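Here's the structure, in structure tokens; my notes come after.
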Amino acid sequence: METTFTAFPSSKILNIVIKSLLLEETDFNVICKAYDYLNHFLFLHLGKESNDRDTWLSLVLSGLRNLEDEKLFKTFDISNSQDLFFCWSFWREIIDKAESFARSTKDIDHETKDDEYTDAGYSIGPNLLISFLVKMLHKDFEIWWKNWRKTEIVSEQPMTYPLLYYLLGGSRKDLVKNISKTVLRLYKRYLQLDHNLADVRKLVAMCAMLISHLDFMENYGALFWGEKRSFAILTSEVYEEAHLSAESLFFELSMVQPNWFSVMVSHSLMTKFSKYYEKVTGLFELRSRFSGLSISCDIPLIMVIDNYAHRLCSFQQIHCIFRANWHYSKNMESEFQTYKYLNKLEDTGIKTVDKIIKFEDILFRLASTTDSISILTDFANNKIKFLDEDCKGDFDDIGALRAMFFNMSAVDNF
């Protein structure tokens with residue numbers, strides 16, 4: 001009785017279900033039963049409040065290997081690079097299989113009926129396995145991020161990692177390279193085929209957050225520092241190589257999570273379109289470029305800037321800080337209805353110029369936020385404005401920026 005409500009399945013059973021009944025199976029009913037089994041039993045145990053996280057990680061990772069000797073499933077050392085290499089190889093095999101069947105499975109959802117699938121000439125097993133693994137990795141990542149992640153550089157708390165880190169080889173120096181070889185490769189393939197991208201987008205988001213955490217622990221927490229910059233550049237190259245239309249590119253950038261990563265990818269694309277935007281690191285630097293953008297016919301660039309400005313405001317809470325400051329400068333005693341996540345911004349430092357704002361594991365200077373707020377202030381006070389119906393103003397519309405920058409007579413009146 002290895003798969004009850006009170007006991008884990010063994011690594012060997014897990015491997016059989018994943019490899020034999022999903023990855024390599026062709027019978028529709030067997031694949032669906034295996035998928036249901038994994039969802040039911042494994043998530044039951046993953047959601048448990050357990051202090052022995054290493055046991056669960058070892059159980060899963062040991063099952064995600066190709067081993068000739070079945071007895072070896074009982075021995076797994078999470079600190080052993082050879083064991084983790086086998087996990088990485090198995091993960092790469094799963095991605096290879098999913099990619100090879102991508103064209104056949106692009107229109108298949110998880111509710112496909114047996115009579116629609118019989119004798120189709122392909123297997124949906126790899127596709128469903130990716131779906132399950134993303135669910136598991138996502139759930140594990142959430143638990144790790146909230147309960148196990150080290151939050152301070154100088155802390156006695158031990159360094160821990162999510163399941164995704166180990167599945168990608170468990171090596172800091174090879175992490176971005178391995179992500180590029182698997183996650184980004186599948187992402188590009190799915191983009192080219194217009195495949196369902198929900199699962200692979202979650203993988204990209206988790207990879208970005210994992211890299212940002214490792215950067216932060218190594219004192220590279222600033223937005224454009226560390227390996228996350230390399231990852232953002234690689235992701236922007238995926239969009240280039242997929243030859244997306246301007247509309248599709250904007251849509252995909254809008255779906256990228258978290259916000260700060262979408263900002264970084266957008267910035268990378270901006271610099272590819274024009275070196276003139278290489279030094280743009282905030283809204284303030286865009287101000288001197290508004291006139292040129294208002295007469296530009298480069299639609300992809302304008303759409304990328306739309307996303308860049310929107311996601312930067314969202315990530316740094318620029319609109320929220322601007323309106324909160326305006327509110328309290330006029331009404332010191334009245335309550336201001338804060339926006340979601342505004343209270344999550346943490347600050348360190350003494351002088352304003354030295355103050356550092358921290359959101360999750362990303363750092364940025366308060367001074368850069370203040371500069372960006374100055375643009376909102378000038379638009380709100382009508383010191384600069386887009387052309388109106390009478391052609392009065394400073395410049396023509398730039399994409400959707402009019403929806404972000406506009407005249408305001410009060411903090412809640414515009």
Of the residues in segment 207-220, how many are in contact (Cβ under 8 Å) with a residue 40 or more places away in the chain and part of a loop (DSSP other than H, G, I, E, B)? 1
For a quick check of your reading of the model, give me the residue pairs whose first member lies in segment 221-238 and is more than 16 Å from LEU210 (Cβ to Cβ), whose second is part of a helix (DSSP H, G or I) and open to solvent by 50 Å² or more (accessible area, probe 1.4 Å), with beta-carbon atoms closer than 7 Å and at least 6 apart or on different chains. SER236/LYS272; VAL238/LYS188
Just give me the residues in segment 145-170 being open to solvent by 30 Å² or more (accessible area, probe 1.4 Å) and either at positive phi or among the small types (Gly, Ala, Ser) (or both), in sequence order. SER155
When the residues of segment 173-186 are narrowed to those that are farther than 12 Å from MET206 by Cα and either open to solvent by 50 Å² or more (accessible area, probe 1.4 Å) or in contact with a Cys (Cβ under 7 Å, 6 or more places away or on another chain) (or both), which ends up modelled with the lowest pLDDT? LYS173
On the given criteria, is PHE405 surrounded by 15 or more Cβ atoms within 10 Å (Cβ to Cβ), in contact (Cβ under 8 Å) with a residue 60 or more places away in the chain and in contact with a Leu (Cβ under 8 Å, 6 or more places away or on another chain)? no
Can you tell me which residue among LEU234, LEU186, LEU175, LEU197 is of a type outside the set (S, T, N, Q) and in contact with a Gly (Cβ under 9 Å, 6 or more places away or on another chain)? LEU175
Considering only segment 162-206, state which residues are in a loop (DSSP other than H, G, I, E, B) and within 19 Å of PHE85 (Cβ to Cβ). PRO162, LEU168, GLY169, GLY170, SER171, ARG172, LYS173, ASP174
Kindly check whether there is at least one residue in segment 228-242 that is under 16 Å from TYR165 (Cα atoms), buried (at least 18 other Cβ atoms within 10 Å of the Cβ) and of a type outside the set (A, V, I, L, M). yes
Is it the case, given these coordinates, that GLN82 is open to solvent by 50 Å² or more (accessible area, probe 1.4 Å), at pLDDT 85 or above and either in contact with a helix residue (DSSP H, G or I) (Cβ under 7 Å, 6 or more places away or on another chain) or not small (Gly, Ala, Ser) (or both)? yes
Per the filter on segment 292-335, residues among the acidic types (Asp, Glu) and either under 24 Å from GLN257 (Cβ atoms) or touching a strand residue (DSSP E or B) at 6+ places or on another chain (Cβ under 6 Å) (or both) are ASP306
Set LYS340, LYS355, LYS351, LYS344: member being more than 20 Å from TRP260 (Cα to Cα) and either modelled with pLDDT of 60 or more or open to solvent by 20 Å² or more (accessible area, probe 1.4 Å) (or both): LYS351
Go through segment 69-79 and report how many residues are of a type in the set (Phe, Trp, Tyr) and either in a loop (DSSP other than H, G, I, E, B) or open to solvent by 90 Å² or more (accessible area, probe 1.4 Å) (or both). 1
Test set (1) open to solvent by less than 50 Å² (accessible area, probe 1.4 Å); (2) modelled with pLDDT of 90 or more; (3) among the polar types (S, T, N, Q) - ASN66 fails condition number: (1)
Across segment 319-337, what is the total count of residues that are at pLDDT below 65 and either open to solvent by less than 50 Å² (accessible area, probe 1.4 Å) or among the hydroxyl-bearing types (Ser, Thr, Tyr) (or both)? 1
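The values are calculated or read from the model by the stated rules, or taken from the named source; none is laboratory data. The structure presented is a predicted model; accordingly, all values stated were derived computationally and were not measured. A quick note on method: Cβ atoms are made from the backbone with ideal geometry, for glycine too, and the neighbour counts reach across all protein chains shown. Areas reflect the complete protein model, heavy atoms only, side chains present, ligands, DNA and RNA absent. Shrake-Rupley method; radii C 1.70, N 1.55, O 1.52, S 1.80 Å.
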